[in-house]
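The values are calculated or read from the model by the stated rules, or taken from the named source; none is laboratory data. In this text, all values refer to a predicted model and were calculated from it rather than measured experimentally. Note that each Cβ is placed from the backbone with ideal geometry, even for glycine, and that neighbours are counted across all protein chains shown.
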Amino acid sequence: MTYYIKSEKGFWKKDARGYTNDEKEAGTFSFKTMHELGLNLDYCTLIAASQQQRTLVKMEDETPAAWH
């Protein structure tokens with residue numbers, strides 16, 4: 001799975017080289033890449049890069065916590 005990283009400055013660009021407000025210009029990051037780059041993700045939001053991933057996450061989020 002890959003993710004967009006969003007902070008208060010915008011979406012992170014490829015290889016964490018700047019920011020953009022346009023999701024189409026944003027880079028995507030796997031957990032392995034995030035670890036290898038040593039990214040500090042404090043106060044950042046990870047957003048699933050593919051629509052299919054977003055749908056799966058949304059469905060899981062709608063399940064009551066007691067069912068997990």
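Tally time: how many residues in region 29-49 are out of contact with any strand residue (DSSP E or B) (no Cβ under 6 Å at 6 or more places or on another chain) and within 12 Å of Ala16 (Cβ to Cβ)?
Number satisfying all stated conditions: 8.
Strands (runs of 3 or more DSSP E) wholly in the chain with at least 3 residues that are modelled with pLDDT under 95 and surrounded by 14 or more Cβ atoms within 10 Å (Cβ to Cβ) - which ones? Show your work before the answer.
Values: elements: 3-7, 10-12, 45-48.
In the chain, the matching strands (runs of 3 or more DSSP E) lie at 45-48.
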